[in-house]
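Q: I have a structure here, written as structure tokens, and I will follow up with some questions on it.
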Amino acid sequence: MRLLDLTPKVKFLGMTFDVTMMIGTVVTALIVMLIVFLLTRKLTMRPSGKQNLMEYIIDFISGITGTMLEKKQAARYLSFALTIFLFILVANLLGVVVMVTAIVHSPIPALGITAQNMKLAKDSVSWFKSPTSDLNVTVAMAGAIFIYSHFAGIKKNPLGYLKNYVKPYWWMLPIHLIDELSKPATHALRLWANIFAGEVLIIILREAPFYFTGVPLFVWMGFSVFVGCIQAYIFTVLAMVYISQKVAAE
């Protein structure tokens with residue numbers, strides 16, 4: 001049974017880029033843009049159909065930001081939270097419904113495909129899967145949110161930001177630092193582990209005889225859709241929690 005697919009990679013300026021993740025990320029971003037574009041055309045005072053759907057999504061995200069921040073601040077971060085939620089939601093679901101693999105018949109050194117790793121993967125190359133099933137993507141997203149939350153806290157109240165690390169006692173500084181450093185790690189790992197594990201099981205069930213795993217495969221795919229939605233919600237909520245801890249007046 002084949003469980004390992006090759007992922008084509010390219011090198012540029014001394015760095016290695018995963019082509020599969022690049023394709024998945026670009027496609028996800030384009031789909032999100034298309035969804036928003038289609039749902040916000042020809043807006044009316046009496047919404048119906050697709051406009052109702054978009055307004056429901058916005059109200060849902062507004063509820064998340066409104067819980068964490070005061071009204072004015074919540075409105076400021078609404079677009080940010082909406083973008084995170086839609087991107088992760090689409091990225092999570094793409095891996096459930098679309099996994100593109102191809103068989104290569106000869107090495108492609110420019111993409112990091114050699115005869116040795118072709119043998120290990122039985123000549124199967126992955127060209128498309130969920131971006132959030134790659135740890136590098138989730139770490140980059142969580143890291144960006146981590147950096148931005150601290151930047152926003154320093155910008156709003158530098159002295160108050162620093163004082164929080166020595167409250168209620170100065171000797172708790174190391175504990176606060178460990179707590180802060182653990183946030184992006186758990187933020188990224190939670191999303192990655194759930195999506196990656198789900199896709200691995202889908203591959204296992206897909207490679208087995210269909211008459212034996214057909215029903216479990218469709219059941220698991222349905223459950224994976226549910227998990228993908230929940231993980232998009234959790235990631236967005238945690239992002240707003242981390243930001244609110246730095247910028248909220250309380």
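Q: Ranked from the most accessible area to the least, with a 1.4 Å probe and all protein chains present, what is the order of Y161, Y148, Y56?
A: Sorted by accessible area, descending: Y56, Y148, Y161.
Q: Still on this structure: Let me cross-check D59: its accessible surface, 1.4 Å probe, with only protein heavy atoms counted, in Å² to the nearest 10?
A: 100
Q: For the range 210-250, just say rounded, prolate or oblate: build the C-alpha gyration tensor, square-root its eigenvalues into a ≥ b ≥ c, call rounded for a/c under 1.5, and beyond that prolate if a/b exceeds b/c, oblate if not.
A: prolate
Q: Work out from phi, with θ = phi - 60° and the Karplus expression 6.51 cos²θ - 1.76 cosθ + 1.60, the ³J(HN,Hα) of each residue of the range 16-25, listed in order in whole Hz, and give x for Gly and Pro.
A: 9, 10, 7, 5, 4, 5, 5, 5, x, 5
Q: For the range 166-250, what value does the Rg/Rh ratio take when both radii are computed over Cα atoms and Rh is the Kirkwood radius, given to two decimals?
A: Ratio value, two decimals: 1.23.
Q: Ok, one more. Going by a ≥ b ≥ c, the root eigenvalues of the Cα gyration tensor, does the range 184-233 fall in the rounded group (a/c under 1.5), the prolate group (a/b larger than b/c) or the oblate group?
A: oblate
Q: For L201 and H150 in the same chain, what is the full-extension length gain: residue separation times 0.36 nm, less their Cα-Cα distance, in nm?
A: 14.6 nm
Q: Please compute the Kirkwood hydrodynamic radius over the range 13-68, one decimal place, Å, based on all pairs of different Cα atoms.
A: After inverting the pairwise mean of 1/r, the radius is 13.9 Å.
Q: Quote the accessible area belonging to V219 in square angstrom, nearest 10, computed with a 1.4 Å probe and with ligands, DNA and RNA left uncounted.
A: Its heavy atoms expose roughly 100 Å² to the probe.
The values are calculated or read from the model by the stated rules, or taken from the named source; none is laboratory data. Given the structure is predicted, the values throughout are model-derived calculations rather than measurements. Calculation scope for accessible area: heavy atoms of the full protein, side chains included, ligands and nucleic acids excluded. Shrake-Rupley method; radii C 1.70, N 1.55, O 1.52, S 1.80 Å.
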